[in-house]
């Protein structure tokens, strides 16, 4: 049973936790992570949250003191809290959900490796994260000790990569690869660097957000030593809300940039957290100030217990449309759906292109800036006209009428 604490006790417990933690020491942060049964010491839990903690069908609960400090102990709608504390919706396994909606296990030729795209593989480096985010799409593996990747497992994965010369790009994920020891990270990057046909390595890590102190000078020196003419290393992280854009997070990003590592952001669209155009715009403005470029905005996966996070598909289109013209293009993410069944990622965008009118050889576009229709001509020697959606006469005339009325 979860204990009940008063607001005064909760504030006192938080102060005690923060004082016991050596704040900028990642090892101390990890040692003082808060687990599920202790959440009531640091949050005034709702009945729904108590049920979620006790009956979740998802991954374990764990949060660093640093990330917990960004949350509101008394507001159940706090966006950071929502990503930390389960609620009752995590206890429901809906009919449309699957533990592995992308069928990564089916596409896994050896343990810990997914080969979905011809020239790219996903390497599951470890099962541990600094914070077990409630929306994690790999809840079937993350936080489970049974999914630990031994060195022998990783060696088999490297053997597979060596034997498939079409593989040029390796995404290292998990868990969080930066939760591994420096020596293990050094070894993994060294192995990849020794494979001639591997040209790109992408580190998928949320530690710049949840444990920025893990991005140490020593770690960055290791990464920089492998970031060379034979292997280009990138980092993709996941900021989901402006509250995560702290000075500590910015310092971690700057350390990576100084090591020559480009940092991109992959947000997940989450109901009640960031499914608001102004919140998403604010987030990406802050990210540009931190020198982080927008990469993806993910439509949530159909994972067990995720009903509380999923949004209508149109919400992502609405957000991307709203952002266009209000921020530099490098601050606007591509809205993507990672197709269930292992179909891979597809990008979705607002309907800027309206169609083609053969009589005048013109394409019609809707401007994100003005809302007006703008026209562009097809080359006279084009042989591609049959590939465009044709605008009927009535629609063409209506577009022109609407344009005139806006003048």
Kirkwood Rh and Cα-based Rg: tell me the resulting Rg over Rh for segment 353-406, rounded to two decimals.
0.98
If the viscosity is 0.692 mPa s and the temperature 37 °C, what Stokes-Einstein diffusion coefficient in µm²/s follows for segment 101-194 when Rh is the Kirkwood radius over Cα pairs?
242
For the pair residue 2 and residue 368, the simple spin-label estimate (label points 7 Å beyond Cα toward Cβ) gives in nm 4.0
Working note, segment 238-321: Cα radius of gyration (Å, one decimal) and Dmax (Å, whole number) are 13.6, 40
Stretch residue 156-residue 289 to full length: gain in nm at 0.36 nm per residue minus the Cα-Cα span?
43.8 nm
So, with points 7 Å from each Cα along the Cβ direction, the residue 224-residue 360 label distance in nm works out to 5.7
Helix 313-323: angle to the longest alpha-carbon principal axis of the chain, degrees 0 to 90, nearest 10?
80
Between residue 328 and residue 383, what is 0.36 nm times their sequence separation minus the Cα-Cα distance? Round to one decimal in nm.
16.4 nm
Rh_Kirkwood(the chain) over Cα pairs, Å, one decimal, evaluates to 23.2
To the nearest 10 degrees, how steep is helix 7-20 against the longest Cα principal axis of the chain, on a 0 to 90 scale?
80
So how far apart, in nm, are the two label points at residue 375 and residue 216 if each is 7 Å from Cα heading toward Cβ?
6.5
Computed over segment 75-147, the ratio Rg/Rh where both radii use C-alpha atoms and Rh is Kirkwood
1.03
Working out 0.36 nm times the residue gap between residue 339 and residue 9, then minus their Cα-Cα distance, what length gain in nm do you get to one decimal?
114.2 nm
To the nearest 10 degrees, how steep is helix 182-193 against the longest Cα principal axis of the chain, on a 0 to 90 scale?
40
For residue 169, placing the label point 7 angstrom along Cα-to-beta-carbon and taking segment 292-310, residues whose amide nitrogen sits under 12 Å are none
Return the FRET efficiency for the residue pair residue 194, residue 317: r is the Cβ-Cβ distance, R0 is 35 Å, and the value is rounded to the nearest 0.05.
0.20
Projected area averaged over all directions for the convex hull of the alpha carbon atoms of segment 113-348, nm², comes out at 12.3
Post the alpha-carbon centroid distance, segment 196-237 to segment 134-162, in whole angstrom.
18
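Read the figures in this text as sums done on the coordinates, not as results from a lab. What you see is a predicted model, and the numbers here were worked out from it, not measured in a lab. Positions of Cβ are generated from backbone atoms using ideal geometry, with glycine treated the same way; all protein chains shown enter the neighbour counts.
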